[in-house]
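Heads up, the thing below is written out as structure tokens.
The values are calculated or read from the model by the stated rules, or taken from the named source; none is laboratory data. Since the model is a prediction, treat every value here as computed from it, not as a measurement. Positions of Cβ are generated from backbone atoms using ideal geometry, with glycine treated the same way; all protein chains shown enter the neighbour counts.
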Amino acid sequence: MKILSIESSCDETSAAVLDFDCDGKITVLSNIIASQIEIHARFGGVVPEIASRAHAEAISKITYEAFDEAGCTVSDIDTVAVTAQPGLIGALLVGVNFAKSLAYANNKPLIAVNHMRGHIAANYITHPDLRPPFLALIASGGHTSIVRVTDYREMEVIGGTRDDALGEAFDKVARVLGMPYPGGAAMDKLAYEGKPTIKFPSAAIRDDTLDLSFSGIKTAVLNYINTAKQKGEEIDRADIAASFVEAAVSSVITKISEALDREIDTDKLVLAGGVAANSHLRAALTKLCADRNIKLYLPDLKYCGDNAAMIGAAAYFEYKAGVFAGTELNGCAVADI
């Protein structure tokens, strides 16, 4: 069976065609992404209204490209899937309304997909052997969540950030250091050039929850830089980057360790989301899992960021369960997993 999937939850417009054999093995026939990074870079972050307009301009074109690369047409598709939640509401509505129209006009069933579930499902593409149950960490610009996955469609958030997401913190600190948007990749690279000599606070909340708070560490970096400037002292950008990355990543490791202590039957950990591309986080989780004899699943870098292939992967399990959406489908900015 073939699924056409659409993703437009933030600043990436994406369309993909996935083929599934009788055993559920995934073949990505196409995965086209139109990035808006250059558009938003001048503003230092995503401007929702501009993002929505850019989605509207790109979505039809990239869908045709996805069909062309996959060597098929809409008549060959078994179902249409689309990200319906969570995300920027205007951006979501572009994808939802396009997918609804396409499905209705061609008499195809429609599937609504949760964006966070899509990030987890990206690992089913990279790792065909992956099966629930497992523990997942979703780390992106909008989410930092620890998720208990008991089945393909049954999952629960058991911990996460109470304010800023990990990716958001990376981007904001990078901006303060004078790096262009998005700054996560640049921060990842710069951290290797410095030493973690500055003590920034942990984002791991000291209570019995599995929660984190990245607003404090972000503010601590800003205060450190401002204080140094007021004293006329030069700052070492590389040392600040290294110290911030060390504090942020170690905070996540602290809470993941606590989660693994509680989930005693868990022998698998899955990393998902845009920050899953961060080499420091990947290395720290690799060490943690090796020390604990836990199998770690990391998505291919091309499936870490927002993309339609991951939405199609998640949609497959909705299709198997017979869960379809109607023409009343709407986007939702805030939603649980």
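Here are the numbers:
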read-out: Given (1) surrounded by fewer than 20 Cβ atoms within 10 Å (Cβ to Cβ); (2) modelled with pLDDT of 95 or more, index of the condition His55 fails; value: (1)
read-out: Pair list, Cβ < 8 Å and 6+ apart or interchain, from region 82-102 residues that are touching a residue at least 24 places away in the same chain (Cβ under 8 Å) and in a helix (DSSP H, G or I) to residues that are surrounded by fewer than 22 Cβ atoms within 10 Å (Cβ to Cβ) and of a type in the set (Asp, Glu); value: Gly90/Glu49
read-out: Arg53 outside the structural domain of Gly142 (by TED's automatic domain parsing), closer than 19 Å to Ala308 by Cα and either under 22 Å from the mean Cα position of the chain (by Cα) or not β-branched (Val, Ile, Thr) (or both); value: yes
read-out: Candidates Ala220, Ala272 - the one that is closer than 21 Å to Phe170 by Cβ, buried (at least 22 other Cβ atoms within 10 Å of the Cβ), of a type outside the set (Lys, Arg) and modelled with pLDDT of 95 or more; value: Ala272
read-out: Residue that is surrounded by the fewest Cβ atoms within 10 Å (Cβ to Cβ), among those in region 190-217 that are out of contact with any strand residue (DSSP E or B) (no Cβ under 8 Å at 6 or more places or on another chain) and small (Gly, Ala, Ser); value: Ser215
read-out: Single unsatisfied condition, Tyr104 versus (1) surrounded by fewer than 24 Cβ atoms within 10 Å (Cβ to Cβ); (2) touching a strand residue (DSSP E or B) at 6+ places or on another chain (Cβ under 7 Å); (3) among the hydroxyl-bearing types (Ser, Thr, Tyr); value: (2)
read-out: In region 240-266, the residues that are charged (D, E, K, R) and farther than 23 Å from Lys218 by Cβ; value: Asp261, Arg262, Glu263, Asp265
read-out: Flag for Val28 being within 20 Å of Leu301 (Cα to Cα) and either outside any loop (DSSP other than H, G, I, E, B) or in the same structural domain as Asn107 (by TED's automatic domain parsing) (or both); value: yes
read-out: Any hit, region 62-80, residues being closer than 17 Å to Val96 by Cα, part of a strand (DSSP E or B) and assigned by TED's automatic domain parsing to the domain that holds Lys100; value: yes
read-out: Inter-residue pairs, beta-carbon under 6 Å, first within 14 Å of Tyr316 (Cβ to Cβ) and in region 114-128, second among the β-branched types (Val, Ile, Thr) and surrounded by 23 or more Cβ atoms within 10 Å (Cβ to Cβ), 6+ apart; value: Gly118/Ile311; Asn123/Val270
read-out: Residues within region 35-61 that are more than 16 Å from Phe98 (Cα to Cα) and touching a strand residue (DSSP E or B) at 6+ places or on another chain (Cβ under 8 Å), tallied; value: 2
read-out: Long-range neighbours under 6 Å by Cβ, at least six apart or interchain, first residue closer than 10 Å to Ile32 by Cα within region 4-21, second of a type in the set (Ser, Thr, Tyr) and not in a strand (DSSP E or B); value: Ala15/Thr63
read-out: Options Thr161, Thr219, Thr197; residue that is within 30 Å of Pro128 (Cα to Cα), free of Cβ contacts under 8 Å to residues at least 60 places away in the same chain and polar (S, T, N, Q); value: Thr161
read-out: Residues being over 19 Å from Ala112 (Cα atoms) and either buried (at least 19 other Cβ atoms within 10 Å of the Cβ) or in contact (Cβ under 8 Å) with a residue 40 or more places away in the chain (or both) - total across region 27-51; value: 16
read-out: Any chance Ile125 is in a helix (DSSP H, G or I), at pLDDT 95 or above and farther than 22 Å from Ala325 by Cβ; value: yes
read-out: Gly178 touching a residue at least 40 places away in the same chain (Cβ under 8 Å) and surrounded by fewer than 16 Cβ atoms within 10 Å (Cβ to Cβ); value: yes
read-out: Residue within region 145-167 that is within 22 Å of the chain's Cα centre (by Cα), surrounded by fewer than 16 Cβ atoms within 10 Å (Cβ to Cβ) and hydroxyl-bearing (Ser, Thr, Tyr) present; value: yes
read-out: Identity of the residue in region 254-265, of a type outside the set (D, E, K, R) and crowded, with 16+ Cβ neighbours inside 10 Å, that ends up nearest to the chain's Cα centre (by Cα); value: Ile256
read-out: Some residue of region 317-328 being over 23 Å from Pro86 (Cβ atoms), small (Gly, Ala, Ser), modelled with pLDDT of 95 or more and not in a helix (DSSP H, G or I); value: yes
